[in-house]
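*Asks:* This is the structure, below, for whatever I ask next.
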Amino acid sequence: MLDSKSERRFRFDNATYQGGNVMTRVLKDEDRPWLPLDGDGENFMKIVSVDEQQKQIVLIVKFGPNAVYPQHLHHAGAVAYTLEGEWEYEEGVLPVGSWALEPPGTEHTPIVSSKGAKILAVLTSADDRFVEVPLPDGSVLKQDLEYFKHLFSLTPEEAQAQHATGIKMETRQ
Ligand SMILES: [Fe+2]
């Protein structure tokens, strides 16, 4: 039995979790779609959750063999866990079961092995900025809260038609 103070604390913690929805949610794999990352049929992103209040994004990326994700700068801290395959960057190789802990301010260029890779990532920011990706034309793709909210609302067909991720993948030769 909780005393009244503990009960209030419990309610507060739950009310602030998941954007103010006082509920535990369960998502099945099929509840969230795989969005094309750049429409090449090899690379996909599944946005599991966008929590506006906690400034937290949960997503899974699925990369084809030898894919290279563009260099990007983190405003959000990220935790990434390899579910399948293998990938690497300057800091090391990440086979299944490995964790990448990426603080705000760090930059990365993930390179995927010939096995491909499936990676779970949780990004948590102090504000609405999450990741910035410099593009070849000199502009910068701002992956902020609005960007992820927009992607979260799309079907794969809409994401494909809009090229909504703005990401152009490369393939390692
Ligand atoms: Fe990163």
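Condition check ((1) surrounded by 15 or more Cβ atoms within 10 Å (Cβ to Cβ); (2) away from the ligand (no atom under 16 Å from the Cβ); (3) free of Cβ contacts under 8 Å to residues at least 60 places away in the same chain) across all residues:
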{"position": "SER125", "(1), (2), (3)": "yes, no, no"}
{"position": "SER139", "(1), (2), (3)": "no, yes, yes"}
{"position": "TYR147", "(1), (2), (3)": "yes, no, yes"}
{"position": "THR165", "(1), (2), (3)": "yes, no, no"}
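*Asks:* Could you tell me whether any residue of the stretch 126-139 is under 18 Å from GLN54 (Cα atoms), under 13 Å from the mean Cα position of the chain (by Cα) and assigned to a loop (DSSP other than H, G, I, E, B)?
*Replies:* no
*Asks:* Here is a further query. Mind checking which residues of the stretch 105-114 are on the phi < 0 side of the Ramachandran plot and surrounded by fewer than 16 Cβ atoms within 10 Å (Cβ to Cβ)?
*Replies:* THR106, GLU107, THR109, SER114
*Asks:* Do you know which of the residues in the stretch 85-94 that are surrounded by 14 or more Cβ atoms within 10 Å (Cβ to Cβ) and more than 12 Å from the ligand (Cβ to nearest atom) is farthest from GLY116 (Cα to Cα)?
*Replies:* Taking the candidates together, the pick is GLU88.
Every read-out reported here was derived from the displayed coordinates using simple, explicitly stated rules and does not represent laboratory data. Keep in mind that what you see is a predicted model, and the values were worked out from it rather than measured. Note: ideal-geometry Cβ built from the backbone for every residue, glycine included; neighbour counts use all protein chains shown.
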